[in-house]
Amino acid sequence: MTIYFGYDKRQVIQALRYHFISRPEIRIMLILVNVFALASITLYFLGKITAMAFLVGSFLWIVLMISFWFILPGMVYRRAVTFKHTFSMSFEEDQFTLAHERGSKSWLWGSLKTYMESPHFFHLYFDSRSFLLVPKSGCKDSDEVYELRQLIKGKVKKGK
């Protein structure tokens, strides 16, 4: 199977959000920050902390949420030249190949550690930080998306 695709900025930003939120260390940090925010609002209403302490805690919570939701995905998108090109990707029984006008690169399925599916992409992970975003929009129709999903499922273990 071969698909042809380019990247849509809004969809890539959303996929990067999925990637960051799926990271265990970021997920734990977000949970802890939310627990801290709930504790600070409770303590403020019980009169245990001042309004200034509550506002500082709220400000830190807002900054962190904006960072993970907007700033970090935007920075990754701007720095990666990859998202500005068009590609073809061939999926075969023992390997897959990503091709571009400047060349191509093939990988054995075994080089992938895990995969994740988001609304618009398949995220193929080589390790915890290196991954490919394969847009579902590159497929001709929903049947081809299903076929690609089944192929990936059969070759790579599913991540979180």
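The values are calculated or read from the model by the stated rules, or taken from the named source; none is laboratory data. Quick caveat: nothing in here was measured; it's all calculated off a predicted structure. Every residue, glycine among them, receives a Cβ derived from its backbone with ideal geometry; neighbour counts consider all protein chains shown.
Some values worked out for this structure:
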{"quantity": "Filtered residue count, segment 2-28, keeping only those that are farther than 20 Å from T114 by Cα, touching a residue at least 24 places away in the same chain (Cβ under 8 Å) and aliphatic (A, V, I, L, M)", "calculated": "2"}
{"quantity": "Residue satisfying all of: in segment 115-155; in a loop (DSSP other than H, G, I, E, B) and hydrophobic (A, V, I, L, M, F, W, C); nearest to H19 (Cα to Cα) among these", "calculated": "F126"}
{"quantity": "Filtered residues of segment 1-43 (kept if of a type in the set (S, T, Y), at pLDDT below 90 and either within 13 Å of the chain's Cα centre (by Cα) or assigned by TED's automatic domain parsing to the domain that holds E101 (or both))", "calculated": "S22"}
{"quantity": "Qualifying residue in segment 125-136 (condition: surrounded by fewer than 17 Cβ atoms within 10 Å (Cβ to Cβ) and of a type in the set (S, T, N, Q))", "calculated": "yes"}
{"quantity": "The one condition in (1) within 21 Å of I3 (Cβ to Cβ); (2) touching a helix residue (DSSP H, G or I) at 6+ places or on another chain (Cβ under 6 Å) that G57 fails to fulfil", "calculated": "(1)"}
{"quantity": "Flag if F91 is modelled with pLDDT of 90 or more, in contact with a helix residue (DSSP H, G or I) (Cβ under 7 Å, 6 or more places away or on another chain) and of a type outside the set (V, I, T)", "calculated": "yes"}
